[in-house]
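The values are calculated or read from the model by the stated rules, or taken from the named source; none is laboratory data. Since the structure is predicted, the reported quantities are computational estimates derived from the model, not experimental observations. Heads up: the accessible areas ignore ligands, DNA and RNA and are worked out on the full protein's heavy atoms, side chains in. Shrake-Rupley method; radii C 1.70, N 1.55, O 1.52, S 1.80 Å.
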Amino acid sequence: MKDIGKRVDLNLYDVKEYTNGYELYLKTGIVNKNLKGFIKELDESNPVSLRRRKEHCDENKKIWENNFKIKKEKNKTYSLYINDEKVRSGLVFT
């Protein structure tokens with residue numbers, strides 16, 4: 001882990017240790033803190049992806065005024081929520 005810690009900031013990850021290795025999972029707080037910016041970047045490169053999700057947004061708000069967040073699921077994946085409605089599951093941030 002010391003060698004890995006020299007290359008990445010381990011404070012950003014939940015670490016699961018195995019006898020033959022490690023799994024690093026981005027902490028949901030870190031992801032959620034930067035999620036809107038990340039989604040905006042993805043939207044600029046692929047606008048169709050967010051426009052498909054617009055039905056989950058409050059129509060009285062501009063798209064970026066809605067609440068975006070991820071939650072970690074028990075199966076080691078994450079789900080994307082818009083306004084507390086799950087819109088995508090099976091995301092992996094490792």
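Quick look at the values:
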read-out: Solvent-accessible surface ranking, highest first, for 59, 41 at 1.4 angstrom; value: 59, 41
read-out: Among the listed pairs 33/71; 40/61; 16/74; 6/36, those beyond 19 Å (Cα-Cα); value: 6/36
